[in-house]
Amino acid sequence: MKQSFICPCYNEEKNIKPFAKAVLDAFANTDEYELVFINDGSADNTIGELKKLKKESCQNIKIINFSRNFGKEAAMYAGLEHCCGEYITIIDTDLQQNPEIVKEMINILENDKSVDSVCACQENRHENAFFKFCKKSFYKFADKYTDTHFVDGASDFRTFRKSVKDAILSMGEYYRFSKGIFSWVGFKTKWFDYENIERVAGTTKWNFWGLFKYSIEGIVGFSTTPLLIAAG
């Protein structure tokens, strides 16, 4: 298998088929890729749509069904454990991240053997000014006060080699912060800007407090600063 798509899903029943079709339109040879869907305890009929898609589609599909909502980090980790591609892409199923861009990512990896990971940065976020300010402030703070380099606007939307996957799976943290982990394990990363498009259906699952908690976990996980403050 050449290419694996890791596709976390939480209440995305209306986006499953459009997303699968978008991948099919971008990658005509279905024998070269697999779709690894992780249903993260959805409250809607996401699992039903996934099972229906697997039954009806010509695409190679794996379904991982969580017993409850464990969060996107757990979903991505499960996807990494079960994928088998030479290249691996983490991508959302709401179609804000265009599968066509994955072809550009793969092309970079195939033409430059020194690059191990290609990561998309959000050039223009479709969010209110407050959310944009908070996210920008987080990246600045995290990059300055942690032991890991954080790139402003870095997203989970990335394509990387199997060697990167193996390094990430070797880390057994319970509280995972993938943006930090990808940076911490090393490997050469190429960054490029992309514009998030509007989701096809549904609403974002993130709110301010969810993002705040996630940010704190990331900073604590990759910095000794909180310990020094507590000790001092």
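How many residues are farther than 26 Å from ILE168 by Cβ and touching a strand residue (DSSP E or B) at 6+ places or on another chain (Cβ under 7 Å) if we restrict to the range 55-88?
0
Which condition from (1) at pLDDT below 85; (2) in contact with a strand residue (DSSP E or B) (Cβ under 7 Å, 6 or more places away or on another chain); (3) assigned to a helix (DSSP H, G or I); (4) open to solvent by less than 30 Å² (accessible area, probe 1.4 Å) is the one that VAL164 breaks?
All conditions are met except number (1).
So which of GLU12, GLU49 ends up being more than 16 Å from the chain's Cα centre (by Cα) and on the phi < 0 side of the Ramachandran plot?
One residue alone meets the criteria, GLU49.
What number of residues within the range 37-48 are part of a strand (DSSP E or B) and out of contact with any Ser or Thr (no Cβ under 6 Å at 6 or more places or on another chain)?
Of the residues in that region, 2 qualify.
Only residues that are at pLDDT below 95 and of a type in the set (A, V, I, L, M, F, W, C): list them for the range 28-42, please.
Once the filter is applied, which keeps residues that are at pLDDT below 95 and of a type in the set (A, V, I, L, M, F, W, C), the range 28-42 yields only ALA28.
Sort out which residues of the range 9-29 are outside any loop (DSSP other than H, G, I, E, B) and open to solvent by 20 Å² or more (accessible area, probe 1.4 Å), and write them in order of number.
LYS17, PRO18, LYS21, ALA22, LEU24, ASP25
Would you be able to tell me the number of residues in the range 50-88 that are part of a helix (DSSP H, G or I), among the charged types (D, E, K, R), open to solvent by 40 Å² or more (accessible area, probe 1.4 Å) and in contact (Cβ under 8 Å) with a residue 24 or more places away in the chain?
2
Could you list, in sequence order, all residues of the range 48-88 that are of a type in the set (Lys, Arg) and touching a helix residue (DSSP H, G or I) at 6+ places or on another chain (Cβ under 8 Å)?
LYS62
Which of (1) outside any helix (DSSP H, G or I); (2) open to solvent by less than 20 Å² (accessible area, probe 1.4 Å); (3) farther than 22 Å from ASP116 by Cβ does SER4 not meet, given it meets every other one?
(3)
If you check ALA28 against the conditions, is it in contact (Cβ under 8 Å) with a residue 60 or more places away in the chain and out of contact with any helix residue (DSSP H, G or I) (no Cβ under 8 Å at 6 or more places or on another chain)?
No, not satisfied.
Being assigned to a helix (DSSP H, G or I), over 14 Å from SER4 (Cα atoms) and open to solvent by less than 10 Å² (accessible area, probe 1.4 Å) is the filter here, so list the residues in the range 89-123 that pass it.
If the condition is that a residue be assigned to a helix (DSSP H, G or I), over 14 Å from SER4 (Cα atoms) and open to solvent by less than 10 Å² (accessible area, probe 1.4 Å), then LEU109 is the only one that fits.
For the range 186-201, how many residues are at pLDDT below 75 and among the charged types (D, E, K, R)?
The number of residues fulfilling the criteria is 3.
The values are calculated or read from the model by the stated rules, or taken from the named source; none is laboratory data. For clarity, every value in this text was computed on a predicted model and none was experimentally measured. When we count neighbours, we look across all protein chains shown, and the Cβ atoms used for this are built from the backbone with ideal geometry, even at glycine. Heads up: the accessible areas ignore ligands, DNA and RNA and are worked out on the full protein's heavy atoms, side chains in. Shrake-Rupley method; radii C 1.70, N 1.55, O 1.52, S 1.80 Å.
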